[in-house]
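So the structure is just underneath, and the comments pick up after that.
The values are calculated or read from the model by the stated rules, or taken from the named source; none is laboratory data. Fair warning: this is a prediction, and the values are worked out from it, not measured in the lab. Note that each Cβ is placed from the backbone with ideal geometry, even for glycine, and that neighbours are counted across all protein chains shown. These accessible areas exclude ligands, DNA and RNA; they are computed on the full protein's heavy atoms, side chains included. Shrake-Rupley method; radii C 1.70, N 1.55, O 1.52, S 1.80 Å.
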Amino acid sequence: RPACTMDWEVLTREISLYLESQVRVGLFGSGVGLSLVLGFGVAYACYYLSSIAKKPQLVASNDHFCRFLEEYCPVVTETYYPTIWCWEGRVQTLLRPFITSRPQVRYRNELIKTADGGQISLDWFDNNDSLYYPDASTRPTVLLLPGLTGTSKESYILHMIHQSETLGYRCVVFNNRGIAGEDLLTPRTYCASNTEDLEAVIHHVHSLHPSAPFMAAGVSMGGMLLLNYLGKTGRDTPLMAAAIFSAGWNVFESVESLEKPLNWLLFNYYLTTCLQSSISRHRQMLEKLFDMDLVMKARTVREFDKQFTSVMFGYRTIDDYYEDASPCRKLKSVGIPVLCLNSVDDVFSPGHAIPVETAKQNANVALVLTSCGGHIGFLEGIWPRKCTYMDRVFKQFVQAMFEHGNKIFSM
């Protein structure tokens, strides 16, 4: 079993031993205090094991896909034990960037030109020291798509690269336009619905290594963009499979959740300021098309998208943009194996908006739904500094596809 996994007896015994070592019997003049603390600890352990630690829900209509995952990606069938002192979704979301480590990764940057005169920044981890795949021409390649304002420097991206390095794979991170320090050459950034830049990147990477197995993994908005691309292309893609983490399936539901008072205070306002910051350094270029003073007054993601994103990409209304950006509308058309991990307590992607019934209609799609984990959280272990549940799902799935993918529909 994973190191973070512990059964009832082990957990209660460790709690009892810890408390006995920390609490003096003389508390409150008698052993009553110790008894109360021990009683609370045991009660909390019982609650945690009965209501918090659960096996994820695996949703897949294809029995072959299910058996493939059970054999080669068993983490999706094992009980997920969230960190015992921070299992709530908002807490996991807030703490993950501060708790998790940041593995050292040395990138090779490449700027590629786009058809409209813009440029895209790619950060390569070539893994030229790979023992398992010394031939660079056939070394498996993973394309990584960060979240809304994320880049190759995000801790979750660094952990994915670290996991890939141990398996001998090559990684390339797709940084959205203008987000990773490069200049905007045209007054255009990015959005969740427009897949033109992603198509250009996938074509470019595949043309460099046409003989290498190729798959992609997207996180949050990166996952939405990847799903929208897959829904558009069907089977006509060089990607053999994809992994999606914490995607927002229905943008209307996502923004409504984020506009609730507590969620606005904790996430929405901060995310809006990050979006504004990401475009402020390109103000001179963007002022050619936008009233930047009005854009900078936005106080929610919806207001920002109404004044900036939807206008940039030619949508008549923000509702038109949000409808086109929602991956739930395109899930039926996905033509390659896709594994999607979500937590039902993710305020960025509410559990009721996850398209379970739609997923059941596509044999290429498998959903893994945990009861806890938040948004890109999935912390586990007493002190969750290194490997998260999301990292383990990523590692096992990419390894399963690269090394056993030919068996997926023959089991």
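Bridging of Lys360 to aspartates and glutamates at a Cα separation below 14 Å is possible for Asp63, once same-chain residues fewer than 8 apart are set aside.
Hey, with R₀ at 25 Å, roughly what FRET efficiency would Leu289 and Glu182 work out to, going by the Cβ-Cβ distance, to 0.05?
0.85
Centroid-to-centroid, using Cα positions, region 173-202 and region 326-366 are 24 Å apart. Taking the alpha-carbon distance from Lys386 and a cut-off under 19 Å, which lysines remain once sequence neighbours fewer than 8 residues away in the same chain are dropped? Output for Lys386: Lys153, Lys395. Against the main long axis of the alpha-carbon atoms of the chain, helix 155-167 sits at an angle near 90°.
The long axis of helix 89-99 is offset from the longest Cα principal axis of the chain by roughly 80 degrees. Considering only Thr272, Thr114, Thr149, give the residue with the highest GNM mean-square fluctuation for the chain, with springs between Cα atoms whenever their separation is below 10 Å. Comparing Thr272, Thr114, Thr149 in the GNM, the peak value goes to Thr114.
With +1 on the Cβ of every Lys and Arg and -1 on the Cβ of every Asp and Glu, and nothing else charged, how large is the dipole of region 252-325 about its Cα centre, in debye rounded to the nearest 20? Before the final figure, lay out each step's value.
Numbers: 9 positive and 12 negative charges, 82 e Å.
Here the size comes out at about 400 debye.
In terms of the Cα gyration tensor, with a ≥ b ≥ c the square roots of its eigenvalues, is region 237-341 rounded because a/c is under 1.5, prolate because a/b exceeds b/c, or oblate?
Working: a/c = 2.02, a/b = 1.53, b/c = 1.32.
Note, shape of region 237-341 comes out prolate.
Going through (1) 24.4; (2) 22.5; (3) 21.7, the figure that equals Kirkwood radius over Cα pairs in Å as computed for the structure here is (2). Using a probe radius of 1.4 angstrom, the carbon and sulfur fraction of the accessible surface of the chain is 54%.
Computed from Cα atoms, the angle from the helix 269-280 axis to the main principal axis of the chain rounds to 30 degrees. Can you spot the lysines whose alpha carbon is less than 18 Å from Lys306's alpha carbon? Ignore those fewer than 8 places along the same chain. Candidates past the 8-residue exclusion: Lys288, Lys297. Considering helices alone, the calculated mean residue ellipticity of the chain at 222 nm is -11000 deg cm²/dmol, with DSSP H runs of length four and up weighted by -39500 (n - 2.57) and normalised per residue. When the Cα positions of Asn127, Asn62, Leu36 are compared along the charge dipole of the chain, Leu36 comes out farthest toward the positive end, with charges on each C-beta of Lys, Arg, Asp and Glu.
Among the trypsin sites (Lys or Arg not before Pro) in region 308-389, those located in a DSSP loop and surrounded by at most 14 other Cβ atoms within 10 Å of their own Cβ are Arg316, Lys360, Arg385, Lys386.
Of Val334, Val356, Val42, the residue with the greatest mean-square motion in the GNM of the chain, using alpha carbon springs below 10 Å, is Val42.
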